[in-house]
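To keep things clear, I will list the structure first and then write my remarks on it.
The values are calculated or read from the model by the stated rules, or taken from the named source; none is laboratory data. The structure displayed is predicted, hence computed values, not measured ones. All Cβ positions, glycine included, derive from the backbone under ideal geometry; neighbour counts span all protein chains shown.
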Amino acid sequence: MSLLEPPAEKPKKHYVLKITIIAVAIVVIVALWFSFRYYPEKKAAGQFFVALTAGDTAKAYALWKPSSTYTMNDFLADWGTNGYYGPVRSYRIMDAKAVRNSASIAVNVAISPYTPLPQPGDGERSMKTKVVTIWVVPADKSFSFPVPY
């Protein structure tokens with residue numbers, strides 16, 4: 001080696017390793033954020049449907065946090081055993097998404113009058129499974145039905 005020759009370059013493996021670790025960490029953080037961003041709203045919807053499947057309509061009505069115009073009779077007409085959506089014996093929360101131009105989160109739930117929730121290949125029973133969209137307000141976890149625009 002002479003004075004005019006540059007020294008041999010050392011491989012920068014630690015630099016590549018740091019960049020790889022940072023990139024993987026960012027991907028994991030983004031994936032976790034997308035997976036759990038609506039977790040509180042899904043949990044609130046789960047508590048509501050647990051109360052309905054247990055037959056505790058008073059608790060479900062309290063969790064709904066209705067306005068003064070949505071009475072218990074209206075609630076039972078929708079969710080009671082002879083109601084439009086009832087009886088609810090099993091459910092599965094399918095997904096949740098933000099509602100455009102609204103402060104609500106739309107939670108899609110499959111509900112069934114059978115226990116357990118029928119599989120798609122179970123002909124007659126799966127035909128009675130309904131997919132219901134309810135809106136959850138993140139601020140107070142109150143529920144409402146979707147409002148058409």
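A few remarks follow.
- Residues considered: Val16, Val27. Of these, the only one that is more than 22 Å from Tyr114 (Cα to Cα), at pLDDT 95 or above and either outside any helix (DSSP H, G or I) or of a type outside the set (Asp, Glu) (or both) is Val27.
- Among the residues listed as Tyr85, Tyr91, Tyr114, the single one being touching a helix residue (DSSP H, G or I) at 6+ places or on another chain (Cβ under 6 Å), among the hydroxyl-bearing types (Ser, Thr, Tyr) and closer than 19 Å to Lys141 by Cβ: Tyr91
- Look at (1) surrounded by 14 or more Cβ atoms within 10 Å (Cβ to Cβ); (2) free of Cβ contacts under 8 Å to residues at least 60 places away in the same chain and you find that Phe143 fails only one, number (2).
- Residues located in segment 111-140, provided they are among the aliphatic types (A, V, I, L, M), surrounded by fewer than 14 Cβ atoms within 10 Å (Cβ to Cβ) and outside any helix (DSSP H, G or I): Val131, Ala139
- The residue of segment 85-118 that is nearest to the chain's Cα centre (by Cα), among those that are more than 19 Å from Ala58 (Cβ to Cβ) and of a type in the set (Ser, Thr, Tyr), is Ser104.
- Pairs linking a residue in segment 78-107 that is of a type in the set (A, V, I, L, M) to a residue that is surrounded by 16 or more Cβ atoms within 10 Å (Cβ to Cβ) and in a loop (DSSP other than H, G, I, E, B), with Cβ atoms under 7 Å and 6 or more positions apart or on different chains, are Ala96/Tyr38; Ile105/Tyr38.
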